[in-house]
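Read through the structure below, which is laid out as structure tokens, and then see the notes.
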Protein chains: 2
Amino acid sequence: MKKQGEDILKNSALSVTASRKRILDIFLAADNALAHQDIETKCADQYDRVTIYRTLQTFLEKGIIHNIPSTDNMVRYALCNEACITTGHHHDNHVHFRCDACGKTVCLDDVNIPAVNLPRGYTMKEINMVVNGICKSCK
Amino acid sequence: MKKQGEDILKNSALSVTASRKRILDIFLAADNALAHQDIETKCADQYDRVTIYRTLQTFLEKGIIHNIPSTDNMVRYALCNEACITTGHHHDNHVHFRCDACGKTVCLDDVNIPAVNLPRGYTMKEINMVVNGICKSCK
DNA sequence: ATTAAGAATGCAACTTTGTTGCAAAAGTAT
DNA sequence: ATACTTTTGCAACAAAGTTGCATTCTTAAT
């Protein structure tokens with residue numbers, strides 16, 4: 001349905017603006033995680049670079065998207081699943097996969113991060129797991 | 001012993017230069033992972049910014065250090081353990097921990113990354129795990 | 001439907017971060 | 001000590017990210 005992006009914004013108590021809808025649409029249409037740069041490439045002609053920075057920041061804070069760590073100074077973002085968006089809390093305990101061939105980073109929603117035992121005195125708040133390798137499309 | 005850094009360079013077939021020794025010393029003295037910026041702060045007056053970039057790159061390639069992904073666009077580096085350095089291959093299957101209080105990122109050398117089952121068609125080459133929370137010093 | 005208040009955007013200027021080519025300097029092996 | 005190779009510093013850039021402020025758009029209340 002066409003209103004999906006708009007609904008997400010309303011659920012997060014954000015005002016509905018053209019740039020936010022557009023950026024959400026880009027995420028909804030993407031099959032992989034996107035870096036700031038990817039989004040800029042798709043809509044820098046329509047919206048200012050600064051707006052994109054601020055929009056991503058806002059989406060992060062509202063829990064609409066989550067970010068995926070990387071070793072290449074290119075933090076990537078992906079839509080959170082329904083639960084995250086509706087509750088406003090992150091439940092991102094899935095594994096992320098980066099393909100060395102096509103370069104795409106995807107959420108493996110069905111693969112949960114296994115439990116880890118931290119040494120005494122450490123408290124866990126968040127956990128991130130990124131696997132590199134070859135994805136099923138490139139294999 | 002004072003020659004430790006020099007030995008590491010020789011083992012990796014790198015020429016021994018003042019800047020490399022200095023940067024290695026910084027790592028050897030550090031109890032946590034360092035970002036490029038941290039190193040620059042410690043020795044930008046002595047060595048050029050470009051040299052630091054290139055040195056870190058070289059150390060990475062030679063397996064002297066490994067990098068730790070992050071969501072803040074600040075890739076951090078830490079010394080590899082003996083095994084990595086001597087074999088030249090990475091065996092970084094330990095978990096990394098980032099403390100939300102002191103901001104330090106450390107290697108939990110004794111905590112191995114648990115196995116994960118990837119969906120059919122995916123091949124794993126590398127795996128990274130970063131846990132956020134409160135470290136034992138801040139607790 | 002209009003309007004007032006608040007929020008988001010675009011622009012400009014700037015800071016920081018990372019890259020490249022090349023000449024000078026330092027390290028290595030003979 | 002010398003010739004050869006590697007590394008460094010410099011300069012010039014390119015790219016990425018930030019901030020303040022005036023303008024425009026949204027929203028909610030009349």
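Taken together, the values in this text are just the output of simple stated rules run on the coordinates, not laboratory data. Worth saying up front: this structure is predicted, and the values here are computed from it rather than measured. Neighbour counts run over all protein chains shown; Cβ positions are idealised from the backbone, glycine included.
The table below gives the values:
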| item | result |
| --- | --- |
| Lysine pairs with alpha-carbon atoms under 16 Å apart, chain A, spacing 8 or more or separate chains | 9 |
| Given charges at beta-carbon only (K, R positive; D, E negative), |dipole| of chain A in Debye | 100 |
| Size of electric dipole in the protein assembly as shown: Cβ of Lys, Arg +1 and of Asp, Glu -1, about Cα centre, debye, nearest 20 | 80 |
| Chain A, relative contact order in percent, only Cα pairs under 8 angstrom and at least six apart counted | 21 |
| Sorted by Cβ neighbour density within 10 Å, fewest at the top, the residues A:Cys135, A:Cys43 | A:Cys43, A:Cys135 |
| Local electrostatic count, B:Thr51, Cβ distance below 12 Å [Lys/Arg +1, Asp/Glu -1] | +2 |
| Antiparallel bridge percentage (DSSP; both residues within chain B; nearest 5) | 75 |
| In order through region A:108-125: 3J(HN,Hα) via Karplus (6.51 cos²θ - 1.76 cosθ + 1.60), integer Hz, x for Gly, Pro | 9, 4, 8, 9, 7, 6, x, 6, 10, 9, 7, x, 3, x, 9, 10, 8, 10 |
| Shape parameters for the protein assembly as shown, alpha-carbon atoms, Rg then Dmax in Å | 20.6, 67 |
| Helix-only mean residue ellipticity at 222 nm for the protein assembly as shown, each DSSP H run of n ≥ 4 adding -39500 (n - 2.57), per residue, nearest 500 | -10000 deg cm²/dmol |
| Phi to ³J(HN,Hα) by Karplus 6.51 cos²θ - 1.76 cosθ + 1.60 over region B:8-25, Hz, x for Gly, Pro | 4, 4, 5, 4, 9, 6, 10, 6, 8, 10, 4, 5, 5, 4, 4, 5, 4, 4 |
| Separation of alpha-carbon centers, region A:27-63 and region B:7-31, rounded to whole Å | 40 |
| Region A:1-82: trypsin sites (Lys or Arg not before Pro) in DSSP coil with no more than 14 other Cβ atoms inside 10 Å | A:Lys2, A:Lys3 |
| Position A:Glu6, label points 7 Å along Cα→Cβ, spacing to each other copy in nm (shortest first, one decimal) | 7.3 |
| Positive-end extreme of charge dipole, region A:4-133 - chosen from A:Ala29, A:Ala44, A:Pro119 (charges on Cβ) | A:Pro119 |
| Candidates B:Ile127, B:Ile23, B:Ile68: whichever shows maximal mean-square fluctuation once chain B is modelled as a Gaussian network with Cα springs under 10 Å | B:Ile127 |
| Largest to smallest principal axis extent of the C-alpha atoms in chain A, angstrom | 47, 35, 29 |
